[in-house]
Every structure is written in structure tokens, then in C-alpha cells.
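Chemist: The structure under discussion is supplied below as C-alpha cells; questions concerning it will follow.
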Amino acid sequence: MTFSAPSQGADTNEPDRSLIDELINAVATGDAEERMRILQRITDLFAAGSRSYSTDQIALFDDVLQHLTVDIESQARAKLAHRLASIENAPPNMIRRLAFDDEIEVAGPVLVFSDQLNDDDLVENAATKSQEHLLAIAQRLKLSEAVTDVLVERGDKRVVRKVAGNKGARFSLAGYGKLTTRASTDTKLTLTLGKRSDIPRQYFLKLLEAASSSVRAKLEAANPELAADIRDTIDNVATSMQREVREASQEHAVAARDAKRRFRVRGVTEASVHAPAHAQDFEKTVVALARLGRFSVDLVERALLDQGQDMVLLLAKAAGCTWTTARELLVMYAADRNLSADDLSRAFDRYKKLSRETAQNIVNFHERYVKPRVEAELETDTAGAASPARLEIDGDEASLVPIADSPRLVTVLT
């Protein structure tokens, strides 16, 4: 049987229908071997001239292939998937059918390589199919935020690690928030996220805090008599790294320059804090709240990233913010607080009872006594009197090893 492209200007509808009918009849009357022979010939014919076919011709192939693949064995479907997955203009409906096949040997090649699957297809697939399907999607060359949101929400540990390590994957703020939460119990995921160049700084700082807490707990369990020294050493290293990351952050530098320019003209007000908090802009919120309340940036960052509510309420009250702004600060994605309506109601009651004077006294105590002590310890470490330590964990064994440098996240994880 031959299959040629319809001639220019001819009425092609009837021949096309006849060809489909002929193929369907051949399949209906032929045995499995005959069906496979026809499928192979049609696939070869399409692959040989795929770049030159028109949209109508591709639609014809699409219709034919779908009829030919009804009730064929999975091995044949898998072979077809491998042939079509890398063809740029492969029949879209056939590709979609293969992508939603329950057999991962069939769906896998298409989910990983086919450009004919759009975001809607991938989102639906990730939301309904198996973890093996999700793992295949996680390996695509490029992934949008809409797709990675579903992968992070539904995926198991393998899927989440794979998509986090995919340089072509893009994540929403909510997606990064969920990844960071999952990383709190997954050291490998923490390291993978820490290597991403596009991770928002607030989520890198959360990784750092979580890693510090995890390492601290293991070290204190192994060396209970050194608990206080371990706690101070890790806190000092974490604070130093927090500042290092901030100083290297282009986003923070831009936010600081923008704030300096705007506040010189209009001055900083509560609205300067409320607007970026509502927009989930961590950097601008940090800069604005620090300027409004005359707080250190370190203190504001820690408060906004802490899953607890009290420090945020203290800073907001000390800065003279209303509950409306305090609420926006509490529900920012960065801390992943997931506050319910009842939680917010109780926070509102505490906020009403808290006086601005009391809040300022507490914050001033921290800035006057706690912060200088930490800074002095950091300066002592820098001078070499008490060098920082690299934290090493091997299974359940933990130890402190003096080092000269403290490279980013690896310091608190290795």
C-alpha cells in the first residue's frame, strides 16, 4: 500500500477519508502481525517526511496512527513512542495518548522528550498519573512554574530531588516554599537546592537555618557536655553566612538602592512595608521594615523567616504598624507559616494587647546586648582567636573540625 501527499489544489477530503477507511479495514481483517506491519510502514513514512508535511497531512497521520494503535500490545506502543518522541512536529493527539498511557515504558520517552506536550498536558499528567510519570516529566529540558508546582506537591522524594536538580526547571515562590519545607528532612535535597543559582535568598536562608538546627541537634546528642559551645559556634557560622549571602545578593542590592532613592524623596511609611509584603517581595519588605523601625537587617530577616509569630508581631508593633500590615507580614510565603483563620485571630488579640513601648523595649534589648555579643564573637573568629569549625557528620557520628573558610551551605551540612 502506498501513501503520498495530496496534490496541490485537489479536493483531498474524499481521498483522505478513503485512505483511512482502507487502513481501518486492513487492520480489522488482518492478524496482529499484519497490524504491526502496517503500523511500522505508516510510522516510517511519517518519520521520513515529517518536516515537509502540512498541518492537514499531519492531522491525517494522527488519525491513522490512533486507529492503528487501538488494542496493540505495550511493547509496540513503546516502540512507537520512542520513534515519535524526538520528532518536532509529531502527531499531537497520538503523542498525548502515548503520554497518558499507564505503562511508563510507553509514556516515558514522550514525557521526557516530546515538544508536542504543552503545559496543560503536563499539568494534567502530573496531577493524575503515577510517580514514574512524574519522574519522567521532571527530566524535561524545560519546565514552567505551573508544572513544577504540581511535581513538588505530588512528587515523592525521587521526583522532588530530580526536579530540584533540573537547571531548566523554574519554580514559583510557593513552589520554593514547599521545596524548602521538604528539604528540612532531606539533606540531599537541601544540598541540591543550595546549588541553584535562581533560589530566592529568603529560601536559601531558610535552608541554612534548617541545616543549622539539624546539625546542632546531632552534635549536641553526640557531645551533650559541649552543647552550649556547639550552639554558639553554629549560630555564629550561620549568622556570618547569612550576611555573606546578603552581601552577594543582587536582589537585595537592588532593593536597597531603590529604597534609598524612594525614601529620600517621600520618606519611609507603613505603606512602604505593607505594599511589598502584600506582593510577597521579601527583599523590599526587609529593607523597608528595617528602615521604618530602625532595626538591623539581620533581625528583620530572621523574624520574617522564623515560623513563629512573636518576633514579627514585636517588630511590626515597635515600628508603629497597624494590624493590617502585621497580618501581611505574618502570611508572607517565606516562613511557610500556613496560618489558619483561628491562628490569625489569636495573633490579632495578642497584637492588640501589646504596647508599642513594650515591643520597642524588647527589640532594643536585643539590639543593645544580644547583637553586639554576636558581632564581637564573629570578629573574634575572623581574627583567628577562635576559628570557626566545619561540622562533619558520618552516619550518627558528629564532630567539629577547625577550618579557615566556611563555604556557603556545605559548612553546616558536611
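Chemist: Could you list all residues from the stretch 87-122 that are part of a loop (DSSP other than H, G, I, E, B) and free of Cβ contacts under 8 Å to residues at least 24 places away in the same chain?
Modeler: Listed by number, the residues that qualify are Leu117, Asn118.
Chemist: Taking the options Asn125, Asn166, name whichever one is surrounded by 15 or more Cβ atoms within 10 Å (Cβ to Cβ), touching a residue at least 12 places away in the same chain (Cβ under 8 Å) and not in a helix (DSSP H, G or I).
Modeler: After ruling out the rest, the residue left standing is Asn166.
Chemist: Looking only at the stretch 55-66, which residues are without any contact (Cβ under 8 Å) to a residue 40 or more places away in the chain and over 11 Å from Met94 (Cα atoms)?
Modeler: The one that is without any contact (Cβ under 8 Å) to a residue 40 or more places away in the chain and over 11 Å from Met94 (Cα atoms): Thr55.
Chemist: For Ile87, indicate whether it is touching a helix residue (DSSP H, G or I) at 6+ places or on another chain (Cβ under 6 Å) and β-branched (Val, Ile, Thr).
Modeler: yes
Chemist: For the list (1) under 22 Å from Glu88 (Cβ atoms); (2) assigned to a helix (DSSP H, G or I); (3) not assigned by TED's automatic domain parsing to the domain that holds Asn93, I need the number of the one condition that Leu134 fails.
Modeler: Leu134 satisfies all of (1) under 22 Å from Glu88 (Cβ atoms); (2) assigned to a helix (DSSP H, G or I); (3) not assigned by TED's automatic domain parsing to the domain that holds Asn93 except (1).
Chemist: Taking the criterion of being more than 22 Å from Thr190 (Cα to Cα) and among the hydroxyl-bearing types (Ser, Thr, Tyr), would at least one residue in the stretch 110-122 satisfy it?
Modeler: yes
Chemist: Scan the stretch 137-149 for residues that are surrounded by fewer than 20 Cβ atoms within 10 Å (Cβ to Cβ), hydrophobic (A, V, I, L, M, F, W, C) and part of a loop (DSSP other than H, G, I, E, B) and report the count.
Modeler: So the count comes out to 1.
Chemist: Name the pairs whose Cβ atoms lie under 9 Å apart, with the first residue in the stretch 349-369 and outside the structural domain of Met311 (by TED's automatic domain parsing), the second modelled with pLDDT of 90 or more and surrounded by 10 or more Cβ atoms within 10 Å (Cβ to Cβ), and 6 or more positions between them or separate chains?
Modeler: Once the first residue is outside the structural domain of Met311 (by TED's automatic domain parsing) and sits in the stretch 349-369, no partner that is modelled with pLDDT of 90 or more and surrounded by 10 or more Cβ atoms within 10 Å (Cβ to Cβ) comes close enough.
Chemist: Given Ala316, Ala255, which one is at pLDDT below 65, in a helix (DSSP H, G or I) and at negative phi?
Modeler: Going through Ala316, Ala255 in turn, the sole match is Ala255.
The values are calculated or read from the model by the stated rules, or taken from the named source; none is laboratory data. All figures in this text were calculated on a predicted structure; none of them were measured in a lab. Cβ: placed from backbone, ideal geometry, glycine included. Neighbour counts: every protein chain shown.
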